[in-house]
Every structure is written in structure tokens, then in C-alpha cells.
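The values are calculated or read from the model by the stated rules, or taken from the named source; none is laboratory data. Because the structure is predicted, anything quoted here is derived from the model rather than measured. Note: ideal-geometry Cβ built from the backbone for every residue, glycine included; neighbour counts use all protein chains shown.
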């Protein structure tokens, strides 16, 4: 299987496409390759206007089975821009016989009320285009309720990006959306993260300390439960 990721920092944080690759391989027992076209703070409009030929070439000639499409989230852009530019990417995907996957993002930590609008936009987009939806925002907001009493947070310290735990959730939702399955329980319980403990928008340097985040069985069970219970994931 080959998967292309198009997006911004919500895609590249914590090497999320690599984590998704490992989860897909765990779920299917088959090899998976991932490619990423993600740039900090960029919208789908930017991808289609400034990097069109790069996107076009990758989609048409990359031989991808799936293309994960992630729009700018904080702040949300113009809805019509999202529809217009996501439609252009989806059209290229259909020419290449690649299955598009709409990446439903999560609201800022200080603005949880935005989640309802995000859900509406991405669910309508996926339905109108007849493509797959990864309901990350829906699962995210439900999971946050159960994590409130634990020393764990889906958000990075800026309150916008995903923490390593948050991207663990993102990758599980994407894996279930694409394969219809979850990674093995052994994988969910044993996987650990190593993430930079400093400025995450620059390459890790020698003087940047790293921290390893281990997910407890309790946390992985909470995440798994909400993915299993999502009405949008079958």
C-alpha cells in the first residue's frame, strides 16, 4: 500500500505519517509506504496555487492507493476555498484511481466550540464528493472528556498542535478509515514516542533534548474505545 499525505504542520508533527505507516502494517500485515507534502501554515489553496505541479505529479504518477487531504485549521479558512481546492485534489486522485481521505481536524484547545463547525464542514465535503472521511475531530473531542482526569493531553503545549498522544489518536483514526481495522493490541500498548522538547518547527539539533512518552494501557484503551464507538467509522 502507498499513501500520500498533503497538509501542513498538523500532518508533519511527531512524524505522524510514519506512525500511521507502522499502524497500517500492524493492522494489515502488509508493507506500507508513505510520502508527505506538508508545509507549515499552508492551506490547500496554497498547495493548489503555489505547488500545483508538485502535487499534480505526485498524485498522477506516484501510484498511491490513498491520499490524505488536510486543510489549514487554526484559524479555519474560507469554506468555499476549502471546497474548491479539495475538489481539485480529489479530481486528480480520481484520475489516478487513488482514494481520497478527508482529514477532519480538531479545534484549538481554547476554542472547543469551533469543533462543531469543523465537523460540519469536513463531513459535508466528504459526503458531497463521495470520498472517505477520517473523523479525527469527532474522536478527539470525545476522547478529551475521558482524558481529563489523567495526566495526559492530546494537545501540544501551544494548545493547537497534537502532542505525541494526540498524533497517536490521529494515526489510529486514519488506520481504521483506510483499512477498516485497528493495529494489534500489542502495538497499541508497546509503542513509544521520541519527540523534540524544543522548537518543533525546526530540524532537531544536537543540543535539543528529547523526551520519550510512553502510553499507558489505560490511555490506549480510552483511545481505542472512542475509535471503535465512532458512528462515522462503521
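I'd like the residue in the range 1-37 that is part of a loop (DSSP other than H, G, I, E, B) and closer than 17 Å to residue 170 by Cβ and, out of all such residues, is modelled with the lowest pLDDT. Can you show your working first?
Just the residues of the range 1-37 that are part of a loop (DSSP other than H, G, I, E, B), to begin with: 1, 8, 29-32.
Now narrow it down to the ones that are closer than 17 Å to residue 170 by Cβ: 8, 32.
Details: 8: 95, 32: 98.
Checking each candidate, the answer is 8.
Within the range 100-109, can one find any residue that is in a loop (DSSP other than H, G, I, E, B), without any contact (Cβ under 8 Å) to a residue 40 or more places away in the chain and either touching a strand residue (DSSP E or B) at 6+ places or on another chain (Cβ under 8 Å) or surrounded by 18 or more Cβ atoms within 10 Å (Cβ to Cβ) (or both)? Yes; the residues of the range 100-109 include at least one that is in a loop (DSSP other than H, G, I, E, B), without any contact (Cβ under 8 Å) to a residue 40 or more places away in the chain and either touching a strand residue (DSSP E or B) at 6+ places or on another chain (Cβ under 8 Å) or surrounded by 18 or more Cβ atoms within 10 Å (Cβ to Cβ) (or both).
Just a yes or no: is a residue in the range 33-41 touching a strand residue (DSSP E or B) at 6+ places or on another chain (Cβ under 8 Å) and on the phi > 0 side of the Ramachandran plot? There is no residue in the range 33-41 that is touching a strand residue (DSSP E or B) at 6+ places or on another chain (Cβ under 8 Å) and on the phi > 0 side of the Ramachandran plot.
Selection of the range 31-53 for residues being within 21 Å of the chain's Cα centre (by Cα) and loosely packed, with under 13 Cβ neighbours inside 10 Å yields 31, 40, 41.
Is it the case that some residue within the range 136-146 is closer than 26 Å to residue 33 by Cβ, outside any loop (DSSP other than H, G, I, E, B) and in contact (Cβ under 8 Å) with a residue 40 or more places away in the chain? Show your work before the answer.
Going through the range 136-146, the residues closer than 26 Å to residue 33 by Cβ turn out to be 136, 139.
Narrowing further to those that are outside any loop (DSSP other than H, G, I, E, B): 136, 139.
Checking the rest, the ones that are also in contact (Cβ under 8 Å) with a residue 40 or more places away in the chain come to 139.
Yes, there is a match, as at least one residue in the range 136-146 is closer than 26 Å to residue 33 by Cβ, outside any loop (DSSP other than H, G, I, E, B) and in contact (Cβ under 8 Å) with a residue 40 or more places away in the chain.
The combined condition, being under 18 Å from the mean Cα position of the chain (by Cα) and either modelled with pLDDT under 95 or within 23 Å of residue 15 (Cβ to Cβ) (or both), is not fulfilled by residue 151. Scanning the range 110-135 for residues that are in a loop (DSSP other than H, G, I, E, B) and either at pLDDT 95 or above or in contact with a helix residue (DSSP H, G or I) (Cβ under 6 Å, 6 or more places away or on another chain) (or both) returns 130, 131, 135.
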